[in-house]
Every structure is written in C-alpha cells, then in structure tokens.
Number of protein chains: 4
Amino acid sequence: MNETRRSVSLNPATVKTRRCVSFCDTLGAVPTPDPGRRSERARKAILDATLALLHESGYPDLTVEKIAARAGVGKQTIYRWWSGRGAVVLDALVEEIGEAGPPALPDTGDLEADLRLVVRAIVAELADPRLSVTTRALTIETLSSETFATTMRDRLLRPQLDTIKDRLRGRVREDVDLDQAVELLIGPMYHRWMMRTGPLTEAYADGIVDLALAALRPR
Amino acid sequence: MNETRRSVSLNPATVKTRRCVSFCDTLGAVPTPDPGRRSERARKAILDATLALLHESGYPDLTVEKIAARAGVGKQTIYRWWSGRGAVVLDALVEEIGEAGPPALPDTGDLEADLRLVVRAIVAELADPRLSVTTRALTIETLSSETFATTMRDRLLRPQLDTIKDRLRGRVREDVDLDQAVELLIGPMYHRWMMRTGPLTEAYADGIVDLALAALRPR
Amino acid sequence: MNETRRSVSLNPATVKTRRCVSFCDTLGAVPTPDPGRRSERARKAILDATLALLHESGYPDLTVEKIAARAGVGKQTIYRWWSGRGAVVLDALVEEIGEAGPPALPDTGDLEADLRLVVRAIVAELADPRLSVTTRALTIETLSSETFATTMRDRLLRPQLDTIKDRLRGRVREDVDLDQAVELLIGPMYHRWMMRTGPLTEAYADGIVDLALAALRPR
Amino acid sequence: MNETRRSVSLNPATVKTRRCVSFCDTLGAVPTPDPGRRSERARKAILDATLALLHESGYPDLTVEKIAARAGVGKQTIYRWWSGRGAVVLDALVEEIGEAGPPALPDTGDLEADLRLVVRAIVAELADPRLSVTTRALTIETLSSETFATTMRDRLLRPQLDTIKDRLRGRVREDVDLDQAVELLIGPMYHRWMMRTGPLTEAYADGIVDLALAALRPR
DNA sequence: TTATAAGCGAGACGGTACGTCGCGTCTTACT
DNA sequence: AGTAAGACGCGACGTACCGTCTCGCTTATAA
C-alpha cells in the first residue's frame, strides 16, 4: 500500500490555530428545552451542513457560524440544542453512522478470517485521509473534554467494540479479559495512526491480527 | 514539585540541548532571525509560563496571548521564534522532560519484569490527571498538525519507543516485526487512556504485559 | 399643586439596541383582530408589567420579551394588539395618567399665581428623576416614530397644553399667537431638562414665568 | 459664508420601525489606552464612515458593525476608543462641526435682526428632515444616557448657546438671567420640533424672536 | 566610541468567531 | 378565535485571540 497519508490538519504557520475545544463540558447539561417543539427540519439541516463542511474543509475550519449559515439556520437554534461545535459534530456522526447501520462483522466461523476483515477495514479507513477526518475530529474533542469523551465513548465507540468483543467471547483463552483483548487488537492501529509511527497497510493489519491471536488463542 | 515528575511515556534521551531549537527549524516557515541575539531570559520565561498555564488551566485554555502576558514578553517575541502555540508547547515539554533526565529502562535480564516496570510507569502517568495534561496537549497538537506530528514523533516519541524496541530485540519470536511488537505493548494503553474505555491500573498494566508477551515470546 | 403625572425611577442604563415603534391605533398596519374576544386580563397584565419594568429599570432596558415574561403572557399577545414597545408604553402611561384624573389648573383669577403653580409643578416633576422616567420614555419614542408622536401629542400633550392655552386666552396681548405663548412657557423648561443646561429649581420656574409674562402681558 | 450646521433629518413618511439606543453611560470611562499609539488613519476612517452612514440611512440603522465594515476597521478598534455607537456619533458630529468652524453669529449692531437670522436658521434646520436626523439622534442619545448628555452638552451645545449668550449680554434687561434668556429663545423651537405641535416656519421663528425680545428688552 | 541595527516590551491593528440578546414571525396545544 | 409558551431566522452585540504591524527602548557588535 502507499504512504499517501494525508493530513487533515495544516501547517501551524499557515493555519489560524484555534482553540481545540469548542465543546464546553456541558454536553448533557444543555438546558434542554421542550423537545416537542423542536424543528426537525432545522435539526436535519444542521447535521447535514455539519457533515458537508466537515468533509469539505476538515474539522479545524468547522465553525458554528458556518454551520448555521450553510444550514440556513440561526446560530441560536444550534446553541439551543447543542453546547457547541463538538456536540453537533458528535450528533452528526452518530447520525451518519446510524444510517449506515451497525458495523457488520461477518461470522464465518473462522475467527482469524473475520478479524482480519475487520482490522483491515479499520486500517483502510484510518489510512484514507477523507475518511479519517472525522475520526481525527472526534479524537481531538475527546481529548479536550471529559464530557464529550464519555458521550462519544458510549454512543459511538462502545457499540463497535462490543461487536468485536462478542465475537471473541468463548473463542479465546479463558483467563483473558475480553476488554483487554479487544484493545490489544484495536489499540496498536490507533497508536500508529495518531503518531504516524509507520505505514497503515493491509500487511500491517494482518500482522496485528497474527500477533493478537497468538496472544489470545487457546493453547 | 514538578522536578520529581518524569514522563516515562515521552522521554527522549536526547534533548538536553537548548537554544534556538524550536521545531520551527524543521518548519522553515519562520524567517529564522539571528539566533545570536536571542534573549535567553525571554526564551525561558516563555517556556516557563507555558508550562505553568498548561498545568493550571489545561491545553484548551492556553493561548499565545496568555503566555506572552504571563511571561512578561511581547507577542512578537513568541512569533519570532515559534510558529504558534503548538510549537511553544512542544519546546516547553521537551525542556521539562529534558530536565527530568532520560527514561530509565532497567535491564535486569528478566524481560518480563523489565517490561512490567515500564508499562506500569506509563499507565501510572496516564492515570494521573496532573501528569497526563502534557501528553494530552501533545496528542491534540499531533492530531491537528502534520508538521507537529512529525517533529513530536521524532524528537519525543521515537527515542522512547526505540528504548523498548532495543530491549525486545533478540528476545522475541524471530518472525515478529519489532515496531509492531512495541505498538502491541504501547497502543492498548493509549487507547484506553484516550477513550476512557476502562480503568488504568497496575493490574491492567500487568495484563497487557502478559498478553503481549504471550504473543511475542518464542515458543 | 396638581400632579399631572407620576412616575418612578430613573436610570439611563446600558447600551443596547432596541426597536421603537409606531402606535398601532393610528397605524392600521396591525391586522386588527376581533376586539370582542380580547382578554382583558392579558391586556391589564401587560400594561401593569410595562409600568413596573419601566419604573424598575428605565426605558432603555424595557423589552417586549421582558414585558411578556413579567406579564405571564405570550409575546404574540402583545404583537397582536400593539405594534411594539412604544405603543405599549404609551397605552400604559395613558392608563396610569387616566387613573390620576385630568390635570387641574387652579383658577384664582390671578394669572401669574396660577401659572407659577403649574410651571413649578412641571419643573418639580422634571427635576425628580423618579418621576421623569416616563416623560423621558415618551420623548424618546416621540423622537423615534412619527406615528407615535402624533398619537402621543393628541392624546397626552394637547389636553394639557390646551388647559394652559385657555387660561391665557384674553389675558395676554392681542397680537400674540396663543400656541406660541404656551410654548414660550413650556419650551424652556423641557429644553433645560433634556439638555441639562442648568438646575431645575423653583427659582428657575419663577424666572420663566416672569419672563414669559413680561413678553405676554398687555402693555 | 459657510453653513453653520449641516445635520440632516429623516423623512417622516419613511419611518416605520426603528431602533433607539441608549448610550452606555461610560462615555468618559473607556479604559483609555495609550493615545500615543492610536492610529489616526483608523480614527478618521471611523468618523468618516459614521457620518456617511448617518446621512445615508439615518441613526436608527447605524450599527457599530456597519461602521467598522465601512471604515475597513476591526470592531475592536472602535470599542477600544469609544464606548459604543453614541460616543462615535458624538465625536463624528463634533468633528464635522469643528471643521465648519464655530457658528457664525452676525453682529450688525441690530440685536433683533441678528437674532432673527439665528433663530430662522435653526428653525430651518429643524424643519428640514434631512438636516434634523442628527439632531434627532443626539437628542435620543441624550435622553438615554446621562453621561452622553453631559458630554454632548459641553462639547456641542454649550458653545452654540454661549455664542448667543454673549450676543445678548449687555443688551437685555439687567435683571434677566442670561441662561434663561437663551433658553427662552431656543426652548420653544425645540419643543415644537420634538412634539410636532405646530409648523416650523419663518413666521414662527420671527414670532418667537418678537416674544423673546418683548420679554428681554430693557424698558 | 559611537552608530546602527537587532531583539525586545508593549500593544494597536484588521480580522474571524464566539456565545448572548432581542426582534418580529410562526407553530403547537389548550381554553 | 384568542391565548401561553416558546422555537425559529435574523442581525447586532461586546469579547477573546489570532497573527501582523509599528512604536520607543535596550544592547551588542561593526565602523
């Protein structure tokens, strides 16, 4: 595979560095007005605009003002229902992923083959600059806000990890903690992706699966 | 006192160096003024102020203007020698870690015992909110800027990973890629830390070491 | 002495942009809903809330939204019957003054003594910050809207001026225009009050009466 | 001869909904940064833009944001030196009037003729919608903010009144207070203008002068 | 030994985005 | 139909920082 790792982010010399946290640690604490009166039209327009802008210009250039303008919506309508940029992005991505349905993990009976598929898919997504913008955005926001981290973990991450976890259950050494097992599979990829310590290729994905299975497989 | 803290996770054997040195060398974007005339007083004040603010209010609240004010320095003096907030933070952390000395990886001959020590130390640091601010800051900046990511990886991360890599060399299965091996050890921890998917305890550290060694150990 | 107005509280407050409006009766711009179904309870609550807020925080801080909130009324109920803040205020003040009854101008037969009384009363009211808020509010709205000005002039001001005019009739030089005569008496006070060009004292009131009578009295 | 005033006013027919404002009562209290560093270019651009917008669209449509945009200036540069819209307008008008020089009051030796000229000029200005916009704006602001009132009175009004005052000195009854005398001349006009209680014509101007002189002239 | 040019502190500048307030309109559910 | 409640699109507010740009004022060579 190629090394065309892309960069969502820009050179610090040319980019107006903005504060990474627009998310104000009040994710669940938005005054929550009566949701019955909420305009579904506005909600949808906002989430759509967010995704569009995110894919067009990346997370650092995403602003509440641009979202509002693109969505044809007043800023207040955004702040009424979300606490800030991060919260909107999270919802937008949840929506996006939700539409795509739950992550499909094949069950061929062959654990190694199945895992290889999943891990390769994740690696491919991380390696693709277009696809990984959102992951990058979520990760930044996760690091910036504890509240965001919690929500993001429960709404987006956990379901995906659980899928893998369920798949491993009963198929690995009995003394192994399943959460640790999943992280053994997932963690190295994310680390390499974030730190750019090496190429994200299919070969790499396979290597990780081999190593993980070597550790997990019943003897 | 802060001198006592050492960042196991980020320790570079190298930079005790100083002077000019900002990672803007690699950037080339800054017009490189005459380093001979640079005020050491200002440089130190800036880095100190940066660390102080970082520990007081965290990375998201850190701004160039605040650094300048706290350091009693003109903003231009910052922009003259660094390309922005991220660059200053990187230098500040390099300084901080440099003072703490190189990371000590014991060599008892017992690979498992040695790794257990290192991994436990890293987990301990990540688990401590006070200590992990800096790692958090670096990670955010890494995700935000490719240039930063490169510098950070080469100057801070690589040396540390190489220390572990060297220790593993010749002591693991021959068909294992050493970079992958290191990430197998390190990645899960960082993932759990970032995503808050579980507790960061000594037991967890030991579990990771067990799993990794199960995968790596020659049969 | 007769109180033509009462008012309370002054405070030219903070910076804010507000909309002033035209008065709706004359405007005809309001779709004139069926007045038969109008809620007297709401009407009263709105006017009361308006007066209360006016006296508490002054005209610049008075907003339609605050009136509605204080009155326990939907904003639409205000906009249905009035064209905006100014119109509500005018009605509220008409109500307030109406309750106090029409201004009584004593008729002792001594023109100078009578005028002295009236002019002193007006000066006293203008000098009292608490009482002059309402005058201030009406004047601002008058300056802002021609429609309001007309209504306000006809409903509030003219009756008062006519009272004085009637008293002067036949008691001043024959060649004098009575409207000008009244303004000669009234104008200077308002000018001094608005522009704060000097103290508003009884002595001043008397001085004005003296001057005006010197101009008006038959030789 | 130059025009002593320029000012402008709003066509009553076009008035519907407008904004009134209050001046934030901190006119003299702006933190006053070092005026030595102040950019004359920016200052001039702001005042020019303010006058232009004022004459184009009137006071109610004047906003700080528009001034900044038109002047090619950051909003902060306005707020750094003024407390708000009212303060800028005041300065702009002072500048405008300052450039025109002090109000020229002819001294023909014939007091009545001279006063007739002045009063006719004022009446003409008030009667002209285009010219009286600014007077209207200043009056609203004066009524809304005590601080504004003070500054406006001292910087704009007093000089003009003093010109008339000086002219009256020694030419009127000795027992007359000169401030009251000036207000006797000026007050009725402003009252009629504001309250729209009658036409503002030359005949009216002359009538006021006749009445005032009847009161003031030594017997 | 000056002059001279660099870095320096200070902070104003043109901007962008923030999060809030209030406008006047529109919608919903209730009376 | 009028009402209480309040969301909506909009526009302006006043603030925070961005990165750039003068200003004097040291201060360390090079003339």
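Where residues in region D:79-92 are within 13 Å of DNA strand F (Cβ to nearest atom) and among the aliphatic types (A, V, I, L, M), which of them is nearest to the other protein chains (Cβ to nearest Cβ)?
Quick first cut of region D:79-92, residues within 13 Å of DNA strand F (Cβ to nearest atom) only: D:79-89.
From what's left, among the aliphatic types (A, V, I, L, M): D:87-89.
On the way: D:A87: 10, D:V88: 12, D:V89: 13 Å.
Taking the candidates together, the pick is D:A87.
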* In this structure, is B:A137 open to solvent by less than 50 Å² (accessible area, probe 1.4 Å) and in a helix (DSSP H, G or I)? -> yes
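State yes or no: is B:A149 facing another protein chain (nearest Cβ under 10 Å), within 16 Å of DNA strand E (Cβ to nearest atom) and within 16 Å of the chain's Cα centre (by Cα)? Give the steps one after another, and end with the answer.
Numbers: facing another protein chain (nearest Cβ under 10 Å): yes; within 16 Å of DNA strand E (Cβ to nearest atom): no; within 16 Å of the chain's Cα centre (by Cα): yes.
So B:A149 fails the test.
Please go through region A:99-134 and pick out each residue that is closer than 30 Å to A:V172 by Cα and of a type in the set (G, A, S). Show your work before the answer.
Residues of region A:99-134 closer than 30 Å to A:V172 by Cα: A:100-127.
A:A100, A:G101, A:A104, A:G109, A:A113, A:A121, A:A124, A:A127, listed by residue number.
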* Asked: Of everything in region C:177-198 that's in contact (Cβ under 8 Å) with a residue 12 or more places away in the chain and over 16 Å from the mean Cα position of the chain (by Cα), which residue is surrounded by the most Cβ atoms within 10 Å (Cβ to Cβ)?
  -> C:P188
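Which helices (runs of 4 or more DSSP H) does region D:66-131 wholly contain that include 1 or more residues that are touching a residue at least 12 places away in the same chain (Cβ under 8 Å) and within 16 Å of DNA strand E (Cβ to nearest atom)?
So the answer is D:75-81, D:85-99.
Go over the candidates C:A212, C:A137 one by one and state the one that is outside the structural domain of C:G84 (by TED's automatic domain parsing) and at pLDDT 90 or above.
Working: C:A137 fails: at pLDDT 90 or above.
The match here is C:A212.
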* Structure fact -> Those residues of region A:185-219 which are under 24 Å from B:P159 (Cα atoms), more than 9 Å from chain B (Cβ to nearest Cβ) and not in a helix (DSSP H, G or I) amount to A:P199, A:L200, A:T201
* Find the residue count for region D:141-164, including only residues that are crowded, with 16+ Cβ neighbours inside 10 Å, in a helix (DSSP H, G or I) and in contact (Cβ under 8 Å) with a residue 12 or more places away in the chain. => 12
* To do: Mind listing just one residue for me: the one in region C:118-133 that is within 12 Å of chain D (Cβ to nearest Cβ) and not aliphatic (A, V, I, L, M) and, of those, nearest to D:M195 (Cα to Cα)?
  => C:S132
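Quick check on B:S132: is it farther than 19 Å from A:I186 by Cα, touching a Ser or Thr at 6+ places or on another chain (Cβ under 7 Å) and small (G, A, S)? Talk me through it step by step, then tell me what you get.
On the way: farther than 19 Å from A:I186 by Cα: yes; touching a Ser or Thr at 6+ places or on another chain (Cβ under 7 Å): no; small (G, A, S): yes.
No: the conditions fail for B:S132.
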* Asked: How many of the residues making up region A:116-134 are open to solvent by 40 Å² or more (accessible area, probe 1.4 Å) and at pLDDT 90 or above?
  -> 7
* Asked: Is it the case that A:I97 is at pLDDT below 95, buried (at least 19 other Cβ atoms within 10 Å of the Cβ) and within 12 Å of the chain's Cα centre (by Cα)?
  -> no
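Of all residues in region D:50-65 being among the acidic types (D, E) and within 16 Å of DNA strand E (Cβ to nearest atom), which is least open to solvent (accessible area, probe 1.4 Å)?
To start, the set of residues in region D:50-65 that are among the acidic types (D, E) comprises D:56, D:61, D:65.
Now restrict to residues that are within 16 Å of DNA strand E (Cβ to nearest atom): D:61, D:65.
Values: D:D61: 71, D:E65: 114 Å².
Out of the qualifying residues, it is D:D61.
Please work out which residue is nearest to DNA strand F (Cβ to nearest atom), limiting yourself to region C:28-78 and to residues that are over 27 Å from D:T142 (Cβ atoms) and within 14 Å of chain D (Cβ to nearest Cβ). Walk me through how you get there before you give the answer.
Restricting attention to region C:28-78, the residues satisfying the condition of being over 27 Å from D:T142 (Cβ atoms) are C:28-49, C:68-78.
Checking which are within 14 Å of chain D (Cβ to nearest Cβ) leaves us with C:28-30.
Numbers: C:G28: 16, C:A29: 16, C:V30: 11 Å.
If we take residues in region C:28-78 being over 27 Å from D:T142 (Cβ atoms) and within 14 Å of chain D (Cβ to nearest Cβ), then C:V30 is nearest to DNA strand F (Cβ to nearest atom).
The values are calculated or read from the model by the stated rules, or taken from the named source; none is laboratory data. A quick note: this is a predicted structure, and the numbers were derived from the prediction, not measured. Glycine gets a Cβ as well: all are built from the backbone with ideal geometry, and neighbour counts include every protein chain shown. In case anyone asks, the SASA skips ligands and DNA or RNA and just uses the protein heavy atoms, side chains included. Shrake-Rupley method; radii C 1.70, N 1.55, O 1.52, S 1.80 Å.
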